[in-house]
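Notes follow the structure.
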Amino acid sequence: MLFKNVAPQKQALIKFLLLLVILVVYVAYLSYEYGLMTGGLAAILTWSFFVLCTPIADAGFLLDFPLRLLFGIRMIHSELTVWTIAVSLNTYSLLFRPGNYDTTILTRLLHHILTHPWPYWSVILLSCAGTFLSIRFGDELMDVIHHRDRAFFHSNAFKHELILIAFFGMVVFSYYELIASLGLDSGSW
């Protein structure tokens, strides 16, 4: 294991910094390949793909987790902001700069999903449900770790958490079944 002798608090910071380095390299590559404006927008559209089309808060991790650690802002609030930004960005791009979706495989796929409401918007709906359930788990975990709301968590947690975990599992399973049935995993993009 790469982080075997590293304290858990430092592991999260190292993983975040590695993710940030990957993001910077990706933006630099797209900017070099397509120019600063188009490459920058392509990078942001790629980020919005991960926000809108994956059922876990992976793209929001760049904001949610650091904001929670540094300022105590609940991840649910920052994720709502992340989704608002992603939806606004795609609305702008679809209306004024649709050519920027032609830059990468993920942006072409995102464009296809956004421009074909039925049945592809169900990918976004399932992703929304999965994302906000995973954020809820993350917020509750941070509360327990930091001893906030501990009495509430212990008094209501077991049954409530089992239902949420089952629902989350159902969302993720449905998401992958939908992706497979729509042919979005075929690699033709």
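Would you please list the contacts, defined by Cβ atoms under 8 Å and residues six or more apart or on different chains, that run from a residue in the range 63-90 that is closer than 16 Å to Leu13 by Cβ to a residue that is at pLDDT 70 or above and not in a helix (DSSP H, G or I)?
Qualifying pairs under 8 Å: Leu67/Ile73; Arg68/Arg74.
Filtering the range 127-150 down to residues that are of a type in the set (A, V, I, L, M, F, W, C) and at pLDDT 70 or above, which residue is farthest from Trp83 (Cα to Cα)? Outline the logic, then answer.
Initial filter on the range 127-150 (of a type in the set (A, V, I, L, M, F, W, C)): 128-129, 132-133, 135, 137, 141-142, 144-145.
Imposing the further condition that a residue be at pLDDT 70 or above reduces the set to 128-129, 132-133, 135.
Numbers: Cys128: 9, Ala129: 12, Phe132: 10, Leu133: 14, Ile135: 12 Å.
Filtering the range 127-150 for residues that are of a type in the set (A, V, I, L, M, F, W, C) and at pLDDT 70 or above, the one farthest from Trp83 (Cα to Cα) comes out as Leu133.
Within the range 61-76, does at least one residue satisfy the condition of being closer than 22 Å to Thr46 by Cβ and at pLDDT 80 or above? I'd like the intermediate steps shown before the answer.
Residues of the range 61-76 that are closer than 22 Å to Thr46 by Cβ, as a first pass: 61-67, 75.
Checking the rest, the ones that are also at pLDDT 80 or above come to none.
For the range 61-76, residues closer than 22 Å to Thr46 by Cβ and at pLDDT 80 or above: absent.
What residue, among those in the range 116-126 that are open to solvent by 60 Å² or more (accessible area, probe 1.4 Å) and part of a helix (DSSP H, G or I), is modelled with the lowest pLDDT?
It comes out as Trp118.
Scanning for something under 22 Å from Leu109 (Cα atoms), open to solvent by less than 90 Å² (accessible area, probe 1.4 Å), at pLDDT 90 or above and touching a helix residue (DSSP H, G or I) at 6+ places or on another chain (Cβ under 6 Å), does the range 79-87 turn up at least one residue?
Yes, some residue in the range 79-87 is under 22 Å from Leu109 (Cα atoms), open to solvent by less than 90 Å² (accessible area, probe 1.4 Å), at pLDDT 90 or above and touching a helix residue (DSSP H, G or I) at 6+ places or on another chain (Cβ under 6 Å).
Quick check on Thr54: is it within 25 Å of Leu20 (Cβ to Cβ) and either among the charged types (D, E, K, R) or modelled with pLDDT under 85 (or both)?
On the way: within 25 Å of Leu20 (Cβ to Cβ): yes; either among the charged types (D, E, K, R) or modelled with pLDDT under 85 (or both): yes.
Yes; evaluated as a whole, the condition is true for this residue.
Among all residue pairs at least 6 apart or on different chains, which show Cβ distances below 6 Å where the first residue, located in the range 175-187, is in a helix (DSSP H, G or I) and the second is modelled with pLDDT under 75?
Here the result reads Ile179/Asp185, each pair linking the range 175-187 to a residue that is modelled with pLDDT under 75.
The values are calculated or read from the model by the stated rules, or taken from the named source; none is laboratory data. Small disclaimer: the values here were computed from a predicted structure and weren't measured. Cβ: placed from backbone, ideal geometry, glycine included. Neighbour counts: every protein chain shown. The accessibility values were calculated without ligands, DNA or RNA, using every heavy atom of the protein model including side chains. Shrake-Rupley method; radii C 1.70, N 1.55, O 1.52, S 1.80 Å.
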